[in-house]
2 protein chains.
Amino acid sequence: MGEHPARTRRRGEELIKAIHDAVLQEVVEAGAGRLTMDAIARRAATPRTTLYRRWSDPLDVLLDALYHQHPVEEPTPGADDLRGDLIRALRLMADWALSPAGRAVAAILTDPKSAALMSEALFERVFANRGGTFTRTVLQHYADRGRFPAELLTPVVADIGEALVTKRLLDTGTPPSDEDLSAIVDQAILPALGLGP
Amino acid sequence: MGEHPARTRRRGEELIKAIHDAVLQEVVEAGAGRLTMDAIARRAATPRTTLYRRWSDPLDVLLDALYHQHPVEEPTPGADDLRGDLIRALRLMADWALSPAGRAVAAILTDPKSAALMSEALFERVFANRGGTFTRTVLQHYADRGRFPAELLTPVVADIGEALVTKRLLDTGTPPSDEDLSAIVDQAILPALGLGP
DNA sequence: GATATTAGATACACGACTGTAGCTCAAGAC
DNA sequence: GTCTTGAGCTACAGTCGTGTATCTAATATC
């Protein structure tokens, strides 16, 4: 008579991980404004009471999930290849932006209610490797080595790559091709560093 | 006993305008995912039945409101002043993005449910003056006059200004200053056209 | 093995929004 | 002035999410 054959009961880390995964999937499918405790609990296959024991509302769950995300991989400047490193950095960024965590961040940034709840601390933690760090790390590395004038590495210039990738993702919603990323590097970033073709 | 002293009854255009305004305000305050017929009706001070007579659900109302928005002002290249015209174009864009209509568009673009409902036609109509038209109009004008090599006006280059303004709005949420816009033009757009300092 | 936690399974009252129905009456058309 | 349209008003049943309470049994701790 064992309908559900003694499903092992989850606790602690394992359970929380399942809930975090559930809320990230939910926000991707439904949007930040349509998050409900009910849907999160259903997807995580746990009673709502379990959620209320730890969090007060759906956005609370979502922010907690983001807070516990693994930090994004950092671009590591390799050989003496500014162009290649920039492309790789943008690839990292695009991959992250299309992941559930990246999509969740986008949902939060544009949701009035969650934007208001974002603490400085969370913002720092989640976006430290986003705001400009992807290409900035690479650019700083080569600026230090004198590959281009350091005073050209302004906040605007450090943002060019991320901004163009973001815009492309907003416009098309599809992953950028290598050609797209190359074009961004060759036609926008390198010229801004005085490294025209 | 006349509590509400014979409020004139609205019809047609006037009423629809009020509803369009209401839904745009709602989406700015609550987000696309939290739109309800109820809240829209309340804000427009009309019964819900009036909404159901024309639209099937809140997103339907929102998309209709956007469809009837006045087109955004076009940047008109003035004297022989590429730099100034670019800054003015970006100012137009930033102002629009911060308006209710602009915020509504941002909400829609990042809402999974409404993004799916966006028709090509609406996308064209609402975004014709967004995707790249703000600075592209200006750039095309000066490219035609040979102020810079026309082959440098690639899709990527035409997007640089809009992309950086968008990123700044996403990051800070506040209107960019004239200095911000000047920096974008001087440090990112002009170099990409081979017009360094 | 005994004990403390805490996930899992209900149940429930409450409120919000939905979609429809029925009616009254103001505004526009003729 | 009469007629037609459609806004304004009210009511209602149905659904979904909320937040809490209660009980159980599995898991961890000692």
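Details
- Looking across the stretch B:170-185, the residues that are touching a residue at least 24 places away in the same chain (Cβ under 8 Å) and open to solvent by 30 Å² or more (accessible area, probe 1.4 Å) come down to B:PRO175, B:ASP178.
- Residues that are loosely packed, with under 14 Cβ neighbours inside 10 Å and within 11 Å of DNA strand C (Cβ to nearest atom) within the stretch A:49-61 comprise A:THR49, A:TYR52, A:ARG53, A:ARG54, listed in sequence order.
- For beta carbons closer than 7 Å, sequence separation of 6+ or different chains, a first residue in the stretch A:46-67 that is away from chain B (no Cβ under 14 Å) and a second that is within 9 Å of DNA strand D (Cβ to nearest atom) and open to solvent by 50 Å² or more (accessible area, probe 1.4 Å), the qualifying pairs are A:ARG48/A:ASP38.
- Look at (1) under 16 Å from the mean Cα position of the chain (by Cα); (2) open to solvent by less than 20 Å² (accessible area, probe 1.4 Å); (3) assigned by TED's automatic domain parsing to the domain that holds A:ALA158 and you find that A:LEU86 fails only one, number (1).
- Looking across A:ALA104, A:ALA188, A:ALA143, A:ALA150, one residue alone is within 12 Å of another protein chain (Cβ to nearest Cβ) and either surrounded by fewer than 20 Cβ atoms within 10 Å (Cβ to Cβ) or without any contact (Cβ under 8 Å) to a residue 60 or more places away in the chain (or both). It is A:ALA188.
- Residue in the stretch B:3-16 that is more than 8 Å from DNA strand C (Cβ to nearest atom), part of a helix (DSSP H, G or I) and surrounded by 17 or more Cβ atoms within 10 Å (Cβ to Cβ) present: yes
- Note on the stretch A:43-56: residues that are part of a helix (DSSP H, G or I) and within 11 Å of DNA strand D (Cβ to nearest atom) amount to 6.
- Hey, A:ALA121 in contact (Cβ under 8 Å) with a residue 40 or more places away in the chain and assigned by TED's automatic domain parsing to the domain that holds A:ARG168 or not: no
- Residues of the stretch B:27-45 that are within 10 Å of DNA strand C (Cβ to nearest atom), in contact (Cβ under 8 Å) with a residue 24 or more places away in the chain and either within 14 Å of chain A (Cβ to nearest Cβ) or more than 27 Å from B:THR8 (Cβ to Cβ) (or both): B:LEU35 alone.
- Residues located in the stretch B:19-42, provided they are crowded, with 20+ Cβ neighbours inside 10 Å and not in a helix (DSSP H, G or I): B:GLY31, B:LEU35
- Single condition B:VAL156 does not satisfy, out of (1) modelled with pLDDT of 90 or more; (2) open to solvent by 30 Å² or more (accessible area, probe 1.4 Å): (2)
- Flag if A:ALA163 is touching a Leu at 6+ places or on another chain (Cβ under 7 Å), over 15 Å from A:LEU66 (Cα atoms) and either buried (at least 21 other Cβ atoms within 10 Å of the Cβ) or at pLDDT below 95 (or both): yes
- Residue check for A:ASP64: more than 15 Å from DNA strand C (Cβ to nearest atom) and either surrounded by fewer than 21 Cβ atoms within 10 Å (Cβ to Cβ) or in the same structural domain as A:THR135 (by TED's automatic domain parsing) (or both): no
- Within the stretch A:166-197, the set of residues being of a type in the set (A, V, I, L, M, F, W, C) and at pLDDT 95 or above comprises A:LEU181, A:ALA183, A:ILE184, A:VAL185, A:ALA188, A:ILE189, A:LEU190, A:ALA192, A:LEU193.
- Some residue of the stretch B:72-81 being away from chain A (no Cβ under 12 Å), of a type in the set (A, V, I, L, M, F, W, C), within 16 Å of DNA strand C (Cβ to nearest atom) and free of Cβ contacts under 8 Å to residues at least 24 places away in the same chain: no
- Unique match (being over 24 Å from A:GLU26 (Cβ atoms), outside the structural domain of A:ARG34 (by TED's automatic domain parsing) and not acidic (Asp, Glu)) among A:LEU153, A:LEU169: A:LEU153
The values are calculated or read from the model by the stated rules, or taken from the named source; none is laboratory data. Predicted model, so just to flag it, every value in this text is computed and none were measured. Virtual Cβ from ideal backbone geometry, glycine too; neighbours counted across all protein chains shown. These area figures cover heavy atoms from the full protein model, side chains too; ligands, DNA and RNA do not enter into them. Shrake-Rupley method; radii C 1.70, N 1.55, O 1.52, S 1.80 Å.
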